[in-house]
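These notes concern the structure reproduced below.
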Amino acid sequence: MRVLFLTNIPSPYRVDFFNELGKLCDLTVTFEGNNSKERDKNWKCDPARCFKAVYLNGIRISADKFLSLKILKILAKDWDTIIIGGYSTPTSIIAIEYLRYHKRNFFIEADGGFIGNDNVVKYWFKKHLIASASGWFTSGKATTDYLVHYGAKLEKCYFYPFTSLNKRDLNSINNLNLINKNFIRKKLCMKEDRIVLAVGQYIRRKGFDVLIQAMKELPKNIGCYIVGGKPTAEYLKMKSVYNLNNVYFIDFKTKPELVEYFCASDVFVHPTREDVWGLVVNEAMAFGLPVITTDHCIAGLELVDAANGAIVPVDDGLALRKSIEEILNGDLEEMGKKSVERISRYTTQNMAIYHMKMLKEFNEQ
């Protein structure tokens, strides 16, 4: 099967997935651009080993969106299946309009989405784009509800387990979890009795200011380690004003470097104001950590409940503090087991298998 997949940039987890999907079909992937301005320069990808990569070298419109008319020549070729990974970039909009005009079947893939209070024009434009597809790949119920709201047909929505982890990652993590937690803490100079971990860019959307506020009411024997780059002046001021000597800002770490922080921690907190998925939740769960995140994190809505963590309202520092206290005083081992159990099928290999299964089912209809 000759498959064309359109996406914006070559992120590491996507390239890993494409390499797995390319083992199951004849896969070509077009990348609108080479990188995102929002990503650290150390964010590196594996090479395209099992698929053909085509770089459109489009004109950058925003941090990770590009405009390229080169896509039209590629779309005109004979493909068995076309998948558009996202519908909101200028290039993908051109692709959708071209395929719609020529009455070609294609899929739209969405990792997540929140139904907003769109004005009439925005709503109908989204619906025009999304409803144009013949089928939709969705990461779960919340994403399916979003797609259906904008015109997708429920019976043509196909689930896939969205992740950044592969089987090798999970096997390695299982072995790493046997390492003594106290040994790693000593190596990382962590002196507190309990460790809260957060990972992400130091931008407002990630909600780290809410986590810092929650920490001011928690006992000083709980350490909070926020990994993601250079802290903002606002965060440094909050730490100083609240006298939070148990809050630490850690510079950007690569995926291998993050391993020790996951292994050393007791609970993972992702206080995001909005994440259309939140892959770091998958990673934390794989390390057997309970997870606390917000009701605006799709990964949390799909993977987290009282059995392995908590979902709190956005911008609610009090609810976040109470959840941290409750979980740290609960059965961390049992909650961690639940996290590992739930995330076990979320591998890039399974992502690829689910895609091929649904493509074959669709083509046989």
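The values are calculated or read from the model by the stated rules, or taken from the named source; none is laboratory data. Note that the structure is predicted; figures quoted are calculated from it, not measured. Please note: Cβ atoms are built from the backbone with ideal geometry, for glycine as well, and neighbour counts cover all protein chains shown. Quick note on the areas: whole protein, heavy atoms, side chains included, nothing else; ligands and nucleic acids left out. Shrake-Rupley method; radii C 1.70, N 1.55, O 1.52, S 1.80 Å.
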| request: From Lys156, Lys181, Lys167, Lys186, grab the single residue that is closer than 29 Å to Thr348 by Cβ, open to solvent by 60 Å² or more (accessible area, probe 1.4 Å) and out of contact with any Ser or Thr (no Cβ under 6 Å at 6 or more places or on another chain). | output: Lys181
| query | If the Cβ limit is 7 Å and pairs must be 6+ apart or interchain, which residue in the stretch 89-105 that is over 25 Å from Ala63 (Cα atoms) pairs with which residue that is in a helix (DSSP H, G or I)? | reply | Leu99/Leu75
| said: If I ask for residues that are assigned to a loop (DSSP other than H, G, I, E, B) and open to solvent by less than 10 Å² (accessible area, probe 1.4 Å), which ones from the stretch 287-297 would you list? | reply: Leu289, Pro290
| message | Among the residues of the stretch 168-186, are any free of Cβ contacts under 8 Å to residues at least 60 places away in the same chain, assigned to a loop (DSSP other than H, G, I, E, B), of a type outside the set (Lys, Arg) and closer than 24 Å to Gly300 by Cα? | response | no
| request: Kindly list, by first and then second residue, each pair from a residue in the stretch 309-330 that is more than 23 Å from Ile298 (Cβ to Cβ) and without any contact (Cβ under 8 Å) to a residue 24 or more places away in the chain to a residue that is part of a helix (DSSP H, G or I) and of a type in the set (Gly, Ala, Ser), limited to pairs with Cβ atoms under 6 Å and residues at least 6 apart or on different chains. | output: none
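Does Leu301 fit the bill of being in contact (Cβ under 8 Å) with a residue 60 or more places away in the chain and within 27 Å of Tyr13 (Cα to Cα)? Break it down stepwise before answering.
On the way: in contact (Cβ under 8 Å) with a residue 60 or more places away in the chain: yes; within 27 Å of Tyr13 (Cα to Cα): yes.
So Leu301 fits the description; yes.
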| Matching residues, the stretch 256-286, being closer than 30 Å to Asp145 by Cα, assigned to a helix (DSSP H, G or I) and open to solvent by 10 Å² or more (accessible area, probe 1.4 Å) | Leu279, Val280, Glu283
| query | How many residues are touching a helix residue (DSSP H, G or I) at 6+ places or on another chain (Cβ under 6 Å) and open to solvent by 20 Å² or more (accessible area, probe 1.4 Å) if we restrict to the stretch 298-309? | reply | 2
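Out of the residues in the stretch 101-149 that are assigned to a helix (DSSP H, G or I), of a type in the set (Lys, Arg) and more than 25 Å from Tyr346 (Cα to Cα), state the one that is least open to solvent (accessible area, probe 1.4 Å). Give the derivation first.
Taking the stretch 101-149 and keeping what is assigned to a helix (DSSP H, G or I), we get 101, 120-130, 141-149.
Okay, now just the ones that are also of a type in the set (Lys, Arg), so 122, 126-127, 141.
From what is left, the residues that are more than 25 Å from Tyr346 (Cα to Cα) are 122, 126-127.
On the way: Lys122: 106, Lys126: 35, Lys127: 58 Å².
Top of the filtered list is Lys126.
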| Which of the residues that make up the stretch 217-255 are free of Cβ contacts under 8 Å to residues at least 40 places away in the same chain, open to solvent by 90 Å² or more (accessible area, probe 1.4 Å) and of a type in the set (Lys, Arg)? | Lys220, Lys230, Lys237
| query | Does the stretch 309-332 hold any residues that are among the charged types (D, E, K, R) and assigned to a loop (DSSP other than H, G, I, E, B), and which are they? | reply | Asp315, Asp316, Asp331
| message | So Asp64 ticks every box in (1) surrounded by 15 or more Cβ atoms within 10 Å (Cβ to Cβ); (2) modelled with pLDDT of 95 or more; (3) among the acidic types (Asp, Glu) but one. Which box is left unticked? | response | (2)
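Given the criterion in a helix (DSSP H, G or I) and either open to solvent by less than 10 Å² (accessible area, probe 1.4 Å) or touching a residue at least 60 places away in the same chain (Cβ under 8 Å) (or both), identify the matching residue among Met335, Met356. I'd like the intermediate steps shown before the answer.
Working: Met335 fails: either open to solvent by less than 10 Å² (accessible area, probe 1.4 Å) or touching a residue at least 60 places away in the same chain (Cβ under 8 Å) (or both).
Of Met335, Met356, the one residue that is in a helix (DSSP H, G or I) and either open to solvent by less than 10 Å² (accessible area, probe 1.4 Å) or touching a residue at least 60 places away in the same chain (Cβ under 8 Å) (or both) is Met356.
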